[in-house]
1. For segment 290-342, which residues satisfy the criterion of being within 23 Å of residue 374 (Cα to Cα) and β-branched (Val, Ile, Thr)?
2. Is it the case, given these coordinates, that residue 250 is of a type in the set (A, V, I, L, M, F, W, C) and surrounded by fewer than 24 Cβ atoms within 10 Å (Cβ to Cβ)?
3. List the number of the failed condition for residue 368; all other conditions in (1) touching a residue at least 12 places away in the same chain (Cβ under 8 Å); (2) within 15 Å of residue 273 (Cα to Cα) hold.
4. Any residue at all in segment 100-107 that's over 27 Å from residue 192 (Cβ atoms), out of contact with any Cys (no Cβ under 6 Å at 6 or more places or on another chain) and among the aliphatic types (A, V, I, L, M)?
5. Pick out the one residue from 90, 94, 107, 102 that is within 16 Å of ligand 2 (Cβ to nearest atom) and at pLDDT 95 or above.
6. Considering only residues that are under 29 Å from residue 184 (Cα atoms) and among the β-branched types (Val, Ile, Thr), look in segment 126-169 and name the one that is farthest from ligand 2 (Cβ to nearest atom).
7. Go through (1) within 14 Å of ligand 1 (Cβ to nearest atom); (2) over 14 Å from residue 108 (Cβ atoms) and name the single condition residue 59 misses.
8. Looking only at segment 151-171, how many residues end up being out of contact with any Cys (no Cβ under 9 Å at 6 or more places or on another chain) and within 15 Å of residue 78 (Cβ to Cβ)?
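The values are calculated or read from the model by the stated rules, or taken from the named source; none is laboratory data. What you are looking at is a predicted structure, and each value in this text was computed from that prediction instead of being measured. Neighbour counts are summed over all protein chains in view; Cβ atoms, including those assigned to glycine, are modelled from backbone coordinates with ideal geometry.
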Amino acid sequence: MNAFTYFYPVTTYFGEGAARKHLPDELGKYGRNVMLAYGGGSVKRVGIFEEIKGILEEAGKAVTEFGGIMPNPTYAKVQEGAALAREKNIDLIIALGGGSVIDACKIISAQALLDEDIWDFEYAKGLRPVKFIPMGAVVTAFGTGAEQNNGAVITHEDQKLKSALWGAYHSFAVLDPGYTMTMPFGQVMSGAFDSLSHCMETYLGTPRQDNLSDEINEAVMRNIIKNIRRTLADPQDRSARSELIWAAAMAENGILKIGKVTDFQCHMIEHQLGAYTDCNHGRGLAVLHPVLYRHIYKEDTARFARMAEAVWGISPRGRTEDELALAGIEALSDFIKEAGLPVTLGEMGIGTDTDLRAVAESTVITKGCCKKLTAEEIFEILQECL
Ligand code: NZQ
Ligand code: ZN
């Protein structure tokens, strides 16, 4: 195992009714001015917004609403939020939503206290922000685990990049399964698949020989697969939903990454596909994963074979290592279909007119992937996905 530092600053309040139970005490730690950030309005339609706003007002907070954060949040929207946070002297930001709202808030929190453009600060100067407006997240769409880490994925429309920026950790996160029960079913599957993708991309990073992080990861992956199946059988199964929400958090709270350099090459391709098409994150990953893995598995057949056996339960008996590895990738591909997720970009409305060459050429090449891909290979992979 590689040397590591493990640091985990997020207090997680998990369970039905967690907001009403824990927020009043938590809110006592922060000043009066609270920004309540949200997305396109679903939280207003289903009543979660009013509940959280009510808890804030009962605690004597002055609430500034900041809505309209879109899926795949843009840098322009982040700047709008930062300007509002400065204008209103915000003491605490509460992200009420899924990964998009949560990510936008991480950067709003940093940009509001930084006198220069945070994109240039991080990418041109290679610096990371150190001052943040405190934040909390109330998760209404699970899957990304974004409330657990300090990375944010933001679309810079002018630069045609969907890239990571480093922002604030949330001081606290509320994970109430009940708040996610109104998610559209397609988003439930896409979010849960995103969690599985995070696990796979961590598992396939280095080192790939036996280690505790990966053994825990195998259990998390099996749990996600099992609970996706339970959710397919009964979309309102709250027990399955609870498991999926915690599995999403486990995939991103750093525990599975301890001592590892992660892969995340599939994510890098999907993010750039998102920069060019604004596609749904989990659905993009579903299309890309099997195609990518068929391209790279021969670089570490043993690892893919182990995943086939330990995660998909495929017997090695009567199979060569290569056959076992491929059987695991086919099991993944079949599972994606079983979950009703797309298997081609065409199913996502992404056609041949998309500049896949530009997507490939702007994709970040990761260190942890078992094969260091070229832009040409990424282009081939994307074309195979059409
Ligand atoms: O915008 P509203 O109206 O709220 O609707 C949202 C949105 O359309 C809806 N929704 C959320 N809660 C709901 C609900 N609908 C009904 N009832 C509820 N309770 O769900 C839709 C999707 O929301 P979004 O936040 O975009 O989804 P997700 O959580 O999948 O987040 C995706 C974003 O996170 C980034 C992705 O790239 C993408 O930009 N990621 C962030 C990561 C991180 N910071 O760690 C890791 C991931 O790999 C990912 O890249
Ligand atoms: Zn993801």
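1. Passing the criteria: 291, 296, 301, 329.
2. On the way: of a type in the set (A, V, I, L, M, F, W, C): yes; surrounded by fewer than 24 Cβ atoms within 10 Å (Cβ to Cβ): yes.
Answer is yes for this residue.
3. Unmet condition: (2).
4. Step one: of segment 100-107, the residues over 27 Å from residue 192 (Cβ atoms) are none.
No, segment 100-107 contains no residue that is over 27 Å from residue 192 (Cβ atoms), out of contact with any Cys (no Cβ under 6 Å at 6 or more places or on another chain) and among the aliphatic types (A, V, I, L, M).
5. Working: 90 fails: within 16 Å of ligand 2 (Cβ to nearest atom); 94 fails: within 16 Å of ligand 2 (Cβ to nearest atom); 107 fails: within 16 Å of ligand 2 (Cβ to nearest atom).
Checking each option against the conditions leaves just 102.
6. 138
7. In the conditions (1) within 14 Å of ligand 1 (Cβ to nearest atom); (2) over 14 Å from residue 108 (Cβ atoms), residue 59 misses (1) alone.
8. Residues of segment 151-171 out of contact with any Cys (no Cβ under 9 Å at 6 or more places or on another chain): 151, 153-166, 169, 171.
Next cut, within 15 Å of residue 78 (Cβ to Cβ) only: 151, 153-159, 161-166.
Residues that pass the stated criteria total 14.
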